[in-house]
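The values are calculated or read from the model by the stated rules, or taken from the named source; none is laboratory data. Keep in mind it's a predicted model, so treat the numbers as computed, not measured. Every residue, glycine as well, gets a Cβ built from its backbone with ideal geometry; the counts of neighbours run over all protein chains shown. Protein only, heavy atoms only, side chains kept; ligands, DNA and RNA dropped before computing areas. Shrake-Rupley method; radii C 1.70, N 1.55, O 1.52, S 1.80 Å.
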Protein chains: 2
Amino acid sequence: MTIHKGIRTGGRSARVQQSIHEAVKLLLESHDRADVTVPMVAQQAGVTPSTIYRRWGDLATLLADVALERFEPDDKLPDTGSFPGDLMAYAEQYLDEMSSSLGRSMLRDVAASDDSQCAGRCADIITTRLTILTDRAQARGEDYPPPDQVVDRVFAPMVYRIIFSKTAPDVDYVRQLVDQCLSEKSA
Amino acid sequence: MTIHKGIRTGGRSARVQQSIHEAVKLLLESHDRADVTVPMVAQQAGVTPSTIYRRWGDLATLLADVALERFEPDDKLPDTGSFPGDLMAYAEQYLDEMSSSLGRSMLRDVAASDDSQCAGRCADIITTRLTILTDRAQARGEDYPPPDQVVDRVFAPMVYRIIFSKTAPDVDYVRQLVDQCLSEKSA
DNA sequence: TCGCTTAACGCAAATTATTTGTGTTAAGGT
DNA sequence: ACCTTAACACAAATAATTTGCGTTAAGCGA
C-alpha cells in the first residue's frame, strides 16, 4: 500500500518518465542547452509534447528535474582513512563534475527553478553526503567541523564561483578552501 | 567619438530600452515572475514583441538584464567609521534586498543567464563595492581581509542559502558570517 | 483475482509565442 | 547637411503551448 493517494508512480507512468529523462540526457550531449525544445524532447522520447507540459509545466522545470536526478549520487564516497582526506576527495570530485560545461548548466537549471523544493533538494544532497563523512569521522574519534560549516566554507564558495565567476575555480582553489575550513575550531 | 563601431546607444534606442526596462519592473510588481511574457512586456512598453526578441533573444535574457541594472547601486555605501561596521552594514543591506521574493528571483534570473558576462558582472558588483570598503580601511590604517576572502566567507554563503535553501538566511546568520570572517588573518 | 475509479496519456484543434521578411526612421559618423 | 545602416514597426509565416476529449492502464478494494 503506497502512501500516495491517487498519484501513480509505476507502470506506464514510470516508463514514460524514464524515457523522457533519457531523451533529455541524450539531447544534452549533442545539442546546446539553449536550443533543445519540449517538442524535440517529446519526439526523442516517443511521447507527445502535451504529456511533458502536463507533467512538468515547462522546459526549465523538466531540465531542473533531470539535473537533480543526475546530482543524486550512485557511487559511494571513497574512504581515505581520515576526514581531511575524505572531504578533499569529495570536494575535488564535486568540482570536477560541476565545473564542466554540462555540470555548470545543470547547476544553473536547478538554481533557476522556481520550485523551492528542487533547489532545496540540491543543497540537501551535499549536506547529506557531508554528514556521512562526519559520521565516519566520529566513528574514528576524529575532530571535525559541523556539515553546515563545511557548506559555508567550501561548497558555497565553490558553487558561487562556478555560477557567477567568468573563470571556473581550479583544484588549488578548492584545496585552499578545504584547508582553511579544517584549520578552525569545530564551533 | 565613441569606441563602438556602429552600435547605437542613444536617442530612440535608449528610450526604447528604458521603456522596456520600466515595463518589466512595473509588471514584476503586480504579476508573478512565471507568468509575465514577452508580448506582455512589449505592450506595456509600447513596442512590438519583435523589438524585444531581436535585442535580447528571449525573456530570460531580458529579465537577467533588468535584474543586473537593479543590482547596480545608486546609493553610496554608508561610512560607519570602521571596516567591521561598514562590512556589516553592507552585508545586512544586501541580505535585505536579496532575501525578498523579488530579490531572490532576480538572483535566480542572473544565475540562470547563459551569458557568462551577465553573471560575471553580478559578482563584479559585489567585489567592486567591497574594494571601496577596503580602500577606506586602508586609508584609516585598519587591518582588513582581501575582498575575495570576504566574498568567500560572507557573500558566497549568503547567496548560496538564498538560492538553494528552503528558508532564507536571517540577520543573525549574516552577523555570524561577518564576525567569523573578521576574526581571521588577512591571509 | 476481478472490477472499478480516475490519473496519465495520445491526438488534434485552438491559442499564443517566436521568427522572419520588408519597408521606414533616425543615430552616428563624414 | 548628407550618407550609411542600426534599430524599429508591421505583418506574415512558423513554432510552441494550451486545451478538450476519447482511450488506456495503475492503484485500490471487494
Q) When the convex hull of the Cα atoms of the protein assembly as shown is projected onto a plane and the area is averaged over all directions, what value comes out in nm²? A) 23.6
**Q.** Candidate aspartates and glutamates for bridging to B:Lys166, where Cα separation is under 18 Å - those fewer than 8 sequence places away on the same chain excluded
**A.** A:Asp65, A:Asp109, A:Asp114, A:Asp115, A:Asp124, A:Asp148, A:Asp152, B:Asp96, B:Glu97, B:Asp109
Q: Kindly tabulate the residues in segment A:131-162 with an accessible-area decrease of at least 40 Å² between the chain alone and the assembly of all protein chains, using a probe of 1.4 Å.
A: A:Asp152, A:Arg153, A:Ala156, A:Tyr160, A:Arg161
Q: Pick out the long, greasy-scoring helices in chain A: whole DSSP H runs spanning 15 Å or more along their own axis by Cα, mean Kyte-Doolittle at least 1.0.
A: A:59-71
Q | Shielding by other protein chains, A:99-111, mean Cβ within 10 Å | A | 2
Q) So for segment A:11-57, Kirkwood radius off the Cα pairs, Stokes-Einstein at 20 °C and 1.002 mPa s: how many µm² s⁻¹? A) 201
Q. Rg (Å, one decimal) plus Dmax (Å, integer) for the alpha carbons of segment B:5-100?
A. 17.1, 51
Q) What do you get when you divide the Cα radius of gyration of segment A:71-182 by 2.2 N^0.38 Å, with N the number of residues? A) 1.05
(Q) Using a 7 Å offset from the Cα along the Cα-to-Cβ direction at both B:Ala139 and A:Thr131, what is the distance between the two label points in nm, to one decimal? (A) 4.9
Q | Sparse-neighbour loop sites [GluC sites (Glu not before Pro); segment A:80-187; at most 16 other C-beta within 10 Å; DSSP] | A | A:Glu142, A:Glu184
Q.
Among A:Ser101, A:Ala123, A:Pro84, which residue has its Cα furthest toward the positive end of the charge dipole of segment A:58-144, with +1 on Lys/Arg Cβ and -1 on Asp/Glu Cβ?
A. A:Pro84
Q) Ignoring ligands, DNA and RNA, what percent of the accessible area of segment A:58-169 is carbon or sulfur (1.4 Å)? A) 49
